[in-house]
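Visitor: If you scroll down you'll find the structure; I have some questions about it.
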Amino acid sequence: MSKPLTIWTKRLVLTTILGGVLLVATFATQRAFHMSEINLLVNKADEQQLSYELIIHNPLTNAYSFTIVHD
């Protein structure tokens, strides 16, 4: 016969699941904000016919650096 889960085990499992959900939600939100910023920067640079360098440092969160290149 299997031993029933204690209240502490249930709380640990629930806390772990909620922590995972929050972590995924944080990455998704950060990625969306960065993508929005990137699109805005690129569109404005293209409108003004500026050369730029865009480097994505972390594909999971879309962490980036954007630099206008002066010729």
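Read the figures in this text as sums done on the coordinates, not as results from a lab. In this text, all values refer to a predicted model and were calculated from it rather than measured experimentally. Don't worry about glycine lacking a Cβ; one is built from the backbone with ideal geometry, like all the others, and counts go over all protein chains shown.
Visitor: Roughly speaking, what is the centre-to-centre gap between the range 40-71 and the range 7-39 when only Cα atoms are used, to the nearest Å?
Guide: The two parts, judged by their Cα centres, are 27 Å apart.
Visitor: What FRET efficiency, computed as 1/(1 + (r/R0)^6) with R0 = 35 Å and r the Cβ-Cβ distance, is obtained for Leu22 and Gln49, rounded to the nearest 0.05?
Guide: Once the sixth-power term is evaluated, E becomes 0.25.
Visitor: Right, here's the next one. Between beta-carbons, use under 12 Å as the cut-off and find the net charge around Ile17, counting Lys and Arg +1, Asp and Glu -1.
Guide: Net local charge, Ile17 excluded: +2.
Visitor: Let's test the formula: R0 of 30 Å, r as the Cβ-Cβ distance of Met35 and Val69. What FRET efficiency results, to the nearest 0.05?
Guide: 0.90
Visitor: With unit charges on the beta carbons (Lys and Arg positive, Asp and Glu negative) and the dipole taken about the Cα centre of the chain, which residue among Phe33, Trp8, Asn43 sits farthest to the positive side?
Guide: Trp8
Visitor: Between Arg11 and Val42, what is the label-point separation in nm under the 7 Å Cα-to-beta-carbon projection?
Guide: 4.8
Visitor: Given H placed 1.01 Å from N in the peptide plane, which residues other than close sequence neighbours of Tyr64 have an amide H under 5 Å from its amide H?
Guide: Residues meeting the criterion, in which the H sits 1.01 Å from N, are His57.
Visitor: Related question: Could you list which residues have their amide H under 5 Å from that of Tyr52, counting only those 5 or more apart in sequence or on another chain, with H placed in the peptide plane?
Guide: Val69
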